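The values are calculated or read from the model by the stated rules, or taken from the named source; none is laboratory data. Predicted, not measured: the structure shown is a model, and the values here were computed from it. In this analysis, Cβ positions are derived from the backbone assuming ideal geometry, glycine residues included, and neighbour counts consider all displayed protein chains.
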Amino acid sequence: IQVFHATARLFRRLRVPNHLKPAIGGLLTGILGFFLPHTLSFGYGYAQQAIHLEAGVIFLLSLALWKIFTTSFSIGSGGSGGLFGPSIVIGAALGGVVGQLFQQAFPGLLESPGAFVVVGMAGFFAAVSNTPISTIIFVSEMTNSHHLLLPSLLVCSIAYLATRRWSLFPSQVRRRIDSPAHAGEFFFDVLQRITVADLMERVRRVAMIPEEMRFVDFKRHFAQTEQHYFPVKDARGKLARIFSINDVRSVLFEPGIENLVVMRDIGTAEIIFTTPSEDLNSVLKKFTVKNIDSLPVVADEDHTELIGMLSRREVIAYYNERVQAMKATA
């Protein structure tokens, strides 16, 4: 991984036209290939030889080492090509080396040193791609070696834990929650898991206005508050109506109506409210569909008993806090 990214950085800094950089990378690859022809081409045949113990330790070490450089020169310079094939071959070569060394050290212990080749394929690609689970399945299917699932799982897990800070693919996000393609899934899932009850400390307690309050008295009340939404209570002290400052803005300073209009005439009885048991996904829909910035929170068992007002800003702020907490623990 480090050799590949270092080579790519070197070619990016190289002060030559971009269309010449792949040619330089190809030249370096060709020079290596002239002296070490086994580092060119796909190399799958060498992986097959390693499985059948037809390739020696020195040859496999040379294949693994120099194929890293030929791949870095050819692709890191801007050339076209994939990284899966070379990674599989390098992993197979390293696995073959380990298998043969173990066989030489413990002659009667290993019945199938070639199995190390398959496990090496899976472990190496899991390390460079940070995809342990899919790599285990893919390599097992590709080589028809399902009996090696458990050792592959162990090796891939260790390889992933050792190299998870790096990846061959710079655009690869570290966690699913960071992926733009899955952002909507997490947004919907997080909102459905949070209820208004989780935000009760952010629900603002407000005083309700009596239905019989005259407009002139409301103007004095309005001058002393920062509220934008005003719940109206009936004679029993229950929530009966609600209005916003936008509903009275046009007549706020109109003379002649101050003693004629009462709050019952201004507030609407069609109240859009929420309850402590409602999830934030439903709450945000109410905010956006009706284009309102604050909702009255009422008791679950009595929708005329006002608890307080919940603002859209507080809902979004709480959601952002939850997402950041999830990212920190992911």
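Some observations on this one:
- Against the numbered list (1) of a type outside the set (A, V, I, L, M, F, W, C); (2) at pLDDT 85 or above; (3) more than 30 Å from residue 19 (Cβ to Cβ), residue 44 comes up short only at (2).
- Residues of region 237-266 that turn out to be closer than 30 Å to residue 300 by Cβ and touching a residue at least 40 places away in the same chain (Cβ under 8 Å), as a count: 8
- For residue 134, the conditions (1) closer than 17 Å to residue 90 by Cα; (2) free of Cβ contacts under 8 Å to residues at least 24 places away in the same chain are fulfilled apart from (1).
- Residues in region 285-299 that are in contact (Cβ under 8 Å) with a residue 12 or more places away in the chain and farther than 18 Å from residue 233 by Cα: 286, 287, 290, 292, 293.
- Residue within region 210-220 that is at pLDDT 90 or above and within 22 Å of residue 314 (Cβ to Cβ) present: no
- Options 248, 261, 283; residue that is surrounded by 16 or more Cβ atoms within 10 Å (Cβ to Cβ), modelled with pLDDT of 90 or more and in contact with a helix residue (DSSP H, G or I) (Cβ under 9 Å, 6 or more places away or on another chain): 283
- One residue stands out in region 77-93 among those that are surrounded by fewer than 22 Cβ atoms within 10 Å (Cβ to Cβ) and touching a helix residue (DSSP H, G or I) at 6+ places or on another chain (Cβ under 6 Å): the one that is nearest to residue 45 (Cα to Cα), namely 81.
- Among residues of region 99-113, those that are surrounded by fewer than 14 Cβ atoms within 10 Å (Cβ to Cβ) and of a type in the set (Phe, Trp, Tyr), counted: 1
- Selection within region 69-89 - over 27 Å from the mean Cα position of the chain (by Cα) and farther than 12 Å from residue 23 by Cα: 69, 70, 71, 72, 81, 85, 86, 88, 89
- Meets criteria (polar (S, T, N, Q) and without any contact (Cβ under 8 Å) to a residue 60 or more places away in the chain) for residue 77: no
- The set of residues in region 265-280 being charged (D, E, K, R) and either out of contact with any strand residue (DSSP E or B) (no Cβ under 7 Å at 6 or more places or on another chain) or exposed (fewer than 15 other Cβ atoms within 10 Å of the Cβ) (or both) consists of 265, 270.
- Condition met for residue 79 (part of a loop (DSSP other than H, G, I, E, B) and under 27 Å from residue 6 (Cα atoms)): yes
- Test result for residue 90, in contact with a Pro (Cβ under 9 Å, 6 or more places away or on another chain) and within 17 Å of residue 4 (Cβ to Cβ): no
- The residues in region 28-52 that are closer than 22 Å to residue 100 by Cα and free of Cβ contacts under 8 Å to residues at least 24 places away in the same chain can be counted, and the count is 3.
- Check on residue 65, under 23 Å from residue 167 (Cβ atoms), at pLDDT 85 or above, surrounded by fewer than 18 Cβ atoms within 10 Å (Cβ to Cβ) and not aromatic (Phe, Trp, Tyr): yes
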